[in-house]
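Working notes for the structure below.
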Amino acid sequence: MSRMPSSRRSILTAGAVLGAAGITAGLVEARILPGRVLLHTALGLTGEDGVIPDVKPGTRVDKTFRSRAQNGKVVHWSASYPPGVSADARLPVVLALHARGGDHTWPFTELGIDRYLAAGAARWPTPFAVVTVDGGPDSYWHRRRNGGDPQAMIVQELLPRLASRGLRTDRIGVIGWSMGGYGALLLAERHADRVAAAVAASPALWQNAEDAAEGAFDGPTDFQANDVFADQQALKDVRLRVDCGRDDPFLEATRAFVAGLPKRPAGGFQPGAHTAGYWRRLLPAQLEFLAWNL
């Protein structure tokens, strides 16, 4: 039997490799195989990372209090003001709810929200103070079996403290990322009389209790009691923006949530993954949305 020329063998081998690579890429794209985010990131399909503005932030106040709603824990909070605004100014408030594993410093260290505030506030119709607070690293911003209740802490303890400093807390804004995005939606549903505008960035949403991440809820009963899909009608008068990257693991659930709202929110589904770079890219538009709707 005659042997195949080496050049032809090389062509066939290369063709087989390319064919296999194409099949693999197709399976990754169809989400049958893992790695879609890595592939899209390598190809530049998840968009550019946002860059924190190189500006000096305004005044920041850092405080603590012992929270009855959080089982007597010491809770840290911070208020960041636009440049040139004193720390006793009567400004509206935007609460910034951190992601899982974070604390009140996370929106500053990971996203640079104080720098984005400083860069944009002069152009906004309504300047505001950004307030961050410890919600618990894995509390998911709702009452838990251990008795901790970060939402009660916000409404009953934090907001009165902010009001005593002169901040306007009768109608507030809220923004959150991932776990905090879910928390922002839950807070807006539960307290639509207080929340004028809300932004949920890549909210950590599940449509069924069995799909939820471990530790996000105390069980099916807890999931049902805090299911943001169950009370979407409460958001009918809240000015809402929802954003989620097209390579985000919460994309499907977020699309379903948006589809079930009484009116379509601002925002959308952009190139991006579940990353701080994606969240930073959207922050200027999200903060401006809050400024126009407070």
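Would you work out what percent of the accessible area of the chain, with all protein chains in place, is carbon or sulfur (probe 1.4 Å)?
Carbon plus sulfur share of accessible area: 53 percent.
222 nm [θ] for the chain, helices only, -39500 (n - 2.57) per DSSP H run of 4+, per residue, to 500?
Value at 222 nm, helices only: -9500 deg cm²/dmol.
Quote the relative contact order of the chain in percent (integer), defining contacts as alpha-carbon pairs under 8 Å separated by 6+ residues.
Reported relative contact order: 19 percent.
Using label points projected 7 Å from each Cα along Cα→Cβ, tell me how many nm separate residue 163 and residue 68, to one decimal.
Going by the 7 Å Cα→Cβ label model, 1.6 nm.
Where the Cα atoms of the range 188-294 are projected onto their three principal axes, how long is each span, largest first, in whole Å?
Cα extents, longest axis first: 38, 33, 22 Å.
Would you mind counting up the charge near residue 159? Only other residues with Cβ under 13 Å from its Cβ, with Lys and Arg at +1 and Asp and Glu at -1.
Counting the neighbours of residue 159, the net charge comes to +2.
With just the Cα atoms defining each centre, how far is the range 45-93 from the range 273-293? Give it in Å.
After rounding, the separation between the Cα centres reads 16 Å.
What are the DSSP H helices in the chain that stretch 30 Å or more along their long axis, judged by alpha-carbon atoms, and whose average Kyte-Doolittle hydropathy comes to at least -0.5?
6-29
Non-local amide H neighbours of residue 85 (under 5 Å, H modeled in plane, Pro and chain starts lacking H): which ones?
Residues meeting the criterion, in which the H sits 1.01 Å from N, are 59.
Accessible area of residue 73, 1.4 Å probe, to the nearest 10 Å²?
Accessible area of residue 73: about 120 Å².
When Lys and Arg each count +1 and Asp and Glu each count -1, what net charge do the other residues less than 11 Å away from residue 267, Cβ to Cβ, add up to?
My count for the surroundings of residue 267 gives +1.
Using a 1.4 angstrom probe, figure out how much accessible area the chain has per residue, in square angstrom, rounded to the nearest whole.
For the chain, the per-residue accessible area is 47 Å².
Compute the length gained on full extension between residue 56 and residue 264: take 0.36 nm times their separation in residues and subtract their Cα-Cα distance, giving the result in nm to one decimal.
Separation in residues times 0.36 nm, less the Cα-Cα distance, equals 71.3 nm.
Where does each of 262-272, 194-204 land if you order them by average Cβ count within 10 Å, highest first?
Output ranking for 262-272, 194-204: 194-204, 262-272.
The values are calculated or read from the model by the stated rules, or taken from the named source; none is laboratory data. Predicted model, so just to flag it, every value in this text is computed and none were measured. Cβ atoms come from the backbone with ideal geometry, glycine included; neighbour counts cover every protein chain shown. Surface accessibility is based on the protein's heavy atoms, side chains included, excluding ligands, DNA and RNA. Shrake-Rupley method; radii C 1.70, N 1.55, O 1.52, S 1.80 Å.
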